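The values are calculated or read from the model by the stated rules, or taken from the named source; none is laboratory data. Since this is a predicted model, take the numbers as computed values, not measurements. Glycine gets a Cβ as well: all are built from the backbone with ideal geometry, and neighbour counts include every protein chain shown.
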There are 6 protein chains.
Amino acid sequence: MDDTLRRQLCEVSTATLCTALFKRGLRNVFLQDVHPIRADLRMCGPATTLRAIPAREDLDHLGVFADPEHPQRKAIDTCPAGHVLVIDSRGDARAASAGDILIGRLKARACAGIVTDGGFRDTPAIERLGFPAYHRRPSAPTNLVHHHMVDIDVPIGCGGVAVYPGDIVVGDGEGVVVVPRAIAAEVAQEAIAMSRFEDWVAAQVAAGRSIRGLYPPDPATRAEYEAWQASRFG
Amino acid sequence: MDDTLRRQLCEVSTATLCTALFKRGLRNVFLQDVHPIRADLRMCGPATTLRAIPAREDLDHLGVFADPEHPQRKAIDTCPAGHVLVIDSRGDARAASAGDILIGRLKARACAGIVTDGGFRDTPAIERLGFPAYHRRPSAPTNLVHHHMVDIDVPIGCGGVAVYPGDIVVGDGEGVVVVPRAIAAEVAQEAIAMSRFEDWVAAQVAAGRSIRGLYPPDPATRAEYEAWQASRFG
Amino acid sequence: MDDTLRRQLCEVSTATLCTALFKRGLRNVFLQDVHPIRADLRMCGPATTLRAIPAREDLDHLGVFADPEHPQRKAIDTCPAGHVLVIDSRGDARAASAGDILIGRLKARACAGIVTDGGFRDTPAIERLGFPAYHRRPSAPTNLVHHHMVDIDVPIGCGGVAVYPGDIVVGDGEGVVVVPRAIAAEVAQEAIAMSRFEDWVAAQVAAGRSIRGLYPPDPATRAEYEAWQASRFG
Amino acid sequence: MDDTLRRQLCEVSTATLCTALFKRGLRNVFLQDVHPIRADLRMCGPATTLRAIPAREDLDHLGVFADPEHPQRKAIDTCPAGHVLVIDSRGDARAASAGDILIGRLKARACAGIVTDGGFRDTPAIERLGFPAYHRRPSAPTNLVHHHMVDIDVPIGCGGVAVYPGDIVVGDGEGVVVVPRAIAAEVAQEAIAMSRFEDWVAAQVAAGRSIRGLYPPDPATRAEYEAWQASRFG
Amino acid sequence: MDDTLRRQLCEVSTATLCTALFKRGLRNVFLQDVHPIRADLRMCGPATTLRAIPAREDLDHLGVFADPEHPQRKAIDTCPAGHVLVIDSRGDARAASAGDILIGRLKARACAGIVTDGGFRDTPAIERLGFPAYHRRPSAPTNLVHHHMVDIDVPIGCGGVAVYPGDIVVGDGEGVVVVPRAIAAEVAQEAIAMSRFEDWVAAQVAAGRSIRGLYPPDPATRAEYEAWQASRFG
Amino acid sequence: MDDTLRRQLCEVSTATLCTALFKRGLRNVFLQDVHPIRADLRMCGPATTLRAIPAREDLDHLGVFADPEHPQRKAIDTCPAGHVLVIDSRGDARAASAGDILIGRLKARACAGIVTDGGFRDTPAIERLGFPAYHRRPSAPTNLVHHHMVDIDVPIGCGGVAVYPGDIVVGDGEGVVVVPRAIAAEVAQEAIAMSRFEDWVAAQVAAGRSIRGLYPPDPATRAEYEAWQASRFG
């Protein structure tokens, strides 16, 4: 993922990206009921995925973490720099998907963020870390109570949305959107253009202009905007 | 809606209004699971309503907004100043009910607020707008994914509560309550009186007094309060 | 509950306590979907319990509060100083479990906090009170709409967790955990030790160290930590 | 509960009883999402109640049933003949509230039925027993997994409805309604009258008559019905 | 709606219709969690719609039914013969959408069926009526407890699906599908063809043939089927 | 899986198996809210698993089934005879997990059953097939609307329970239980013994005997049962 794409996607909102994807027939791209711990941070990076199934008491005890190949610990230590670790927790926030130490390690390794459709523990500490983290709600119990982490970098569901490894995952203060890798560049460019237009529209609206003919623009408005844009960025 | 009524209703809490309505047999007046984007703002005004049904792919595409009569856009451009636009989104927050540009237009038109039992998009921008907005949770996808806005100013349900056009809609940091228009003035007056009494009670409690005989007041307390009130407000 | 235990439990996170309890076979100790009104406050104390059943219109009218023996009012006026009042609201947040005046009374009486798996009303005022209060979501309607408070200090469920009178209830910015009284002291000591170790681990991780062999610690790491600890606290 | 009352209540539907109670201001009397295992059986009797809280692993193991005072077993062996055992399972059907052997014992002891807002296990066997049993859905796990039975004959909630010991519990193929004891006789008589009228209405409707003026009846219809009734039962 | 179309649509399954609609880009046409009272009946007819909002205690009392213009009663007495009455109950099954007498009237008037995303009361009697009726679950309380019927023949949502007056509503033992009027004839014809093919496939599968190349058919299978069909129906 | 084990497990109830597994510390083995289409059939066999993630519009179109390697079709054609195909549908019943033709193929191939935590389509036809099938509720839409079948024979979750390929899956009229392969034989034997004892208990209870000392048995009852068993089975 090149820096331009990353910069562009961090500049636009998840709402604008949803609309750009809707234009391409993709209707289900926003993770449902998944919220930022820090609404002031932006997140963007390719997905590395981690998949959980329900825990079973005989298999999921504290001893499992002694194994460095345990998928949760391995995912934390191998998620590439710049990537977002996305965890399929089956929407179950009754136990944590991860906590502050593991998320601190992701930060130290220059990963881009972490997402689960379950919950995180140590959320006050995660908030202080200043690392992009999205979840359903805080959840103090250790993951072993309900989750068995089972494999890494397979296609998963998260928040009701398909996430394929390498998909571009973008987060803002509103939530998280998944952009298929193959169309990420074109979607980013379109979203940049849409954002600029919408900034102009918002300014017009704040100045008292009606949305009629403005949003969406009729041909006259479109011409007006293009003229303005040309005069400004020309 | 006259200014006195508006001022009175903005002065009392939704909790106090719920109790005043409960005394009149109205038990279901508080919108369930509908939250303010900005807890520091107050909202009060008559309801203008907008109703949505589920979207259908062939009818709900981006082209529909070119029609200035599209109910969502028309509602935004015709909701009277001082009114609250209340949207029946069938409790579905999977797609947005509105976004920052439309809400900015409501603000520019001096409307009093916006409420949905779905979600808004562009919530970080809405937060900056400083306009009263209440919803279930942030939702970035465009409304067309799940909502078809169908008519304006019909009776609706929102958050499980009946909302008739013209009902007085009041919001505080806790949520939103619906006051039937015909009893709004008497309810406001009673709520003002209740609020004053409860402020006095809270001060007594903070000073260490038991709630026994105080809240609710026995005759002695009632007399004591009335004496205090007379001495203070004469 | 002695001061040392209280101090220790206020020092550790609910997440760490959950793990210490998990080691003892207790998997279901964290109240689900119960959140702090003020994430910056800590709470710790023995549970005094209050139980609600669904309201019935003929029994639950505003007149009931004239009775000083009404369980809700009695609980507020008799909950011992230092105790946490825990309310079983059957997970129903459609009406309030309590409001700011009653919670103000708990504060004046030096109680340690209040918890419900329903909602509180007057939440803006509760936030200003600075008293630890945990609930599902704000709920303005008076409790009589849906709750009939029925008895005090019986075993209850709250947030899906068993709460026995006298159990130690601990809250932080993440939520609430219930520690059985009989093991509270040993759990607290273990949690203190775990917390110290995890603080050291977090510092190592922030400095760039891998979690491999660190968390959980292998024998070498364990020795390293003990040496560090001896040099520091020795 | 005398035989006439029992016979009358077994003759009318839960729907008719709900309407008779609605006329008296009682709106919340039908257990929500609680279904008969055998839709062909009728049930009627005073409530004996059993209350459950969430299980805790150290307290709820198979050994507890060796204690004859264990509330679940004691309730089964002491529920009076003719009574309905109503279990507050907090709406949790993940583990059973009871199974075929205990329900067989209720049948042998001439109890009138059993109700839970959780689930029963051994439902195929319960179906063969031919004993009125109402629950949310089948649930094979033993109650100890999620339920701790805690006390008998206290007021409870079941299916979102208040149930006081001694309330009259009536079940048909549709579900279960709770009739406060004090008004059971008058409600039964009214319901009998309503049922007879509705049977006559249904026959009229089947014969092609409009519901206009018929249901509810206008004065002419009322007179017609009374004349018919007089001629028939005169 | 002509008889041929009705006969065709009654011959095919809702599953086949869903696939035919999916081919046309319509993904959300099957009412979610809406079930037949009698799985052995088929239903087909244009939709007449009835819309409910939440009840309000002062407006929704038994007296309202004395008004022959009350929307629920009017809908029952004016729904055209051959039509299906579809009720938007906002998915709320806590109170009934209709009962056996009103449904009996629909039957007497030769309507085609009734659908709600709430519940019906008097379900044992409705079962005996032998009239197609689809709902979420049985619900004995009168509609006034939670529903206010507000208007007729407006676009509605039911079971999460858009229903426009005149849309063709088809029900079988599985549930209910909504077919937009304009494409009903072509969808019916395609579904008939698909059903015949699937019957042939099912027979092949029962005889031991692999689904590979059969379902969906490769060119050879397609030719084989067409030859068989020609020999049979030719 | 040998025939004796299969015969034994088909002879005992899922309830008894749950208890035998609870004795071994396994509390979460019964699939929640998963129901038989035919309550009169029994099912037993090793699990072959199929995993779904949410669909994406560009990837999940009817054309995908032309690929014989499509996981859903491949699973149907390769699930070994005697095995139960268990589908992880993420609890999403909005679209089908499979339909009658594919399930007919499983039957023709002598598989033992099919389970999903979503829904099946063509349920009336599946009922006629007489093949064990368990799901949440009927769902007519094709799987492509919401499901993307992604891989075969990986560990999955189904109904909130972990299912590993090869685990023994047992179904009766109540639902489905998962027995870890390694302990299946010992659990089967214990369950057989428990079932025999419980049959004897049920007969005692039907004859009027108290459950006190009987269930669970005290030493005298245990001796009595063993004597009876010895006299009967020698």
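Here are some notes:
- Some residue of the stretch F:132-149 being over 27 Å from A:G160 (Cα atoms) and in contact (Cβ under 8 Å) with a residue 12 or more places away in the chain: yes
- F:A182 vs. criteria surrounded by fewer than 19 Cβ atoms within 10 Å (Cβ to Cβ) and farther than 23 Å from F:G82 by Cα: no
- When each of D:D67, D:D77, D:D60 is tested for being in contact with a helix residue (DSSP H, G or I) (Cβ under 9 Å, 6 or more places away or on another chain), within 14 Å of chain C (Cβ to nearest Cβ) and surrounded by fewer than 22 Cβ atoms within 10 Å (Cβ to Cβ), the lone residue that passes is D:D60.
- In the condition set (1) aliphatic (A, V, I, L, M); (2) over 15 Å from the mean Cα position of the chain (by Cα); (3) surrounded by 24 or more Cβ atoms within 10 Å (Cβ to Cβ), F:L21 is compliant with all but (2).
- Boolean, E:I103 is touching a Leu at 6+ places or on another chain (Cβ under 9 Å), under 17 Å from E:V176 (Cα atoms) and not in a loop (DSSP other than H, G, I, E, B): no
- Any hit, the stretch F:178-186, residues being out of contact with any Asp or Glu (no Cβ under 7 Å at 6 or more places or on another chain), part of a helix (DSSP H, G or I), at the interface with chain D (Cβ under 10 Å from one of its Cβ atoms) and touching a residue at least 24 places away in the same chain (Cβ under 8 Å): no
- Exactly one residue among F:I192, F:I126 is more than 20 Å from F:K107 (Cβ to Cβ), in a helix (DSSP H, G or I) and in contact (Cβ under 8 Å) with a residue 40 or more places away in the chain, and that residue is F:I192.
- Of A:A47, A:A96, A:A108, all but one fail to be more than 14 Å from chain B (Cβ to nearest Cβ), touching a Pro at 6+ places or on another chain (Cβ under 8 Å) and farther than 30 Å from F:K23 by Cβ; the exception is A:A47.
- Any hit, the stretch C:133-148, residues being of a type in the set (D, E, K, R) and closer than 22 Å to A:R128 by Cα: no
- Residue check for B:V154: surrounded by fewer than 24 Cβ atoms within 10 Å (Cβ to Cβ), closer than 30 Å to B:D3 by Cβ and of a type in the set (V, I, T): yes
- The test for being small (G, A, S), within 21 Å of D:P155 (Cβ to Cβ) and not in a helix (DSSP H, G or I) does not hold for C:G166.
- Between A:V201, A:V170, A:V205, the distinction of being modelled with pLDDT of 95 or more and either surrounded by fewer than 19 Cβ atoms within 10 Å (Cβ to Cβ) or within 20 Å of the chain's Cα centre (by Cα) (or both) belongs to A:V170 only.
- Residues of the stretch C:154-177 satisfying the condition of being touching a Cys at 6+ places or on another chain (Cβ under 9 Å) and within 14 Å of chain A (Cβ to nearest Cβ): C:V169, C:V170, C:G171, C:D172, C:V176, C:V177
- Residue ID - nearest to B:S13 (Cα to Cα), chosen from residues in the stretch C:80-93 that are among the small types (G, A, S) and away from chain B (no Cβ under 14 Å): C:S89
- Residue in the stretch D:83-105 that is surrounded by fewer than 18 Cβ atoms within 10 Å (Cβ to Cβ) and not acidic (D, E) present: no
- Among the numbered conditions (1) touching a Ser or Thr at 6+ places or on another chain (Cβ under 6 Å); (2) in a helix (DSSP H, G or I), the only one that B:S97 does not meet is (2).
- Residue match in the stretch B:32-42 (condition: within 14 Å of chain C (Cβ to nearest Cβ) and without any contact (Cβ under 8 Å) to a residue 24 or more places away in the chain): no
A quick yes/no check of all residues on (1) over 17 Å from the mean Cα position of the chain (by Cα); (2) in contact (Cβ under 8 Å) with a residue 24 or more places away in the chain:
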position	(1), (2)
E:L59	yes, yes
E:V64	yes, yes
E:P68	yes, no
E:R73	yes, yes
E:D88	no, yes
E:A93	yes, yes
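- Positions within the stretch B:136-153 being in contact with a Ser or Thr (Cβ under 6 Å, 6 or more places away or on another chain), away from chain A (no Cβ under 14 Å) and on the phi < 0 side of the Ramachandran plot, in sequence order: none
- The stretch C:1-21, subset among the hydrophobic types (A, V, I, L, M, F, W, C) and touching a Gly at 6+ places or on another chain (Cβ under 8 Å), residue nearest to the other protein chains (Cβ to nearest Cβ): C:A15
- Any chance F:A108 is free of Cβ contacts under 8 Å to residues at least 24 places away in the same chain and over 20 Å from E:E174 (Cβ atoms): yes
- Residues considered: E:T48, E:T4. Of these, the only one that is out of contact with any helix residue (DSSP H, G or I) (no Cβ under 6 Å at 6 or more places or on another chain) and closer than 23 Å to E:A75 by Cα is E:T48.
- Inside the stretch E:129-150, residues that are under 15 Å from E:A108 (Cα atoms) and buried (at least 24 other Cβ atoms within 10 Å of the Cβ) make up a count of 2.
- Taking the criterion of being more than 22 Å from F:L129 (Cα to Cα), within 14 Å of chain F (Cβ to nearest Cβ), free of Cβ contacts under 8 Å to residues at least 12 places away in the same chain and in a helix (DSSP H, G or I), the residues of the stretch E:195-232 that qualify are E:P219, E:A220, E:T221, E:R222.
- Output for the stretch F:111-135, where each listed residue is farther than 16 Å from F:I76 by Cβ, facing chain E (nearest Cβ under 10 Å) and either in contact with a His (Cβ under 9 Å, 6 or more places away or on another chain) or of a type in the set (F, W, Y) (or both): F:G119, F:T123
- Checked against the criteria, A:R56 counts as within 22 Å of A:S139 (Cβ to Cβ), modelled with pLDDT of 95 or more and of a type in the set (K, R).
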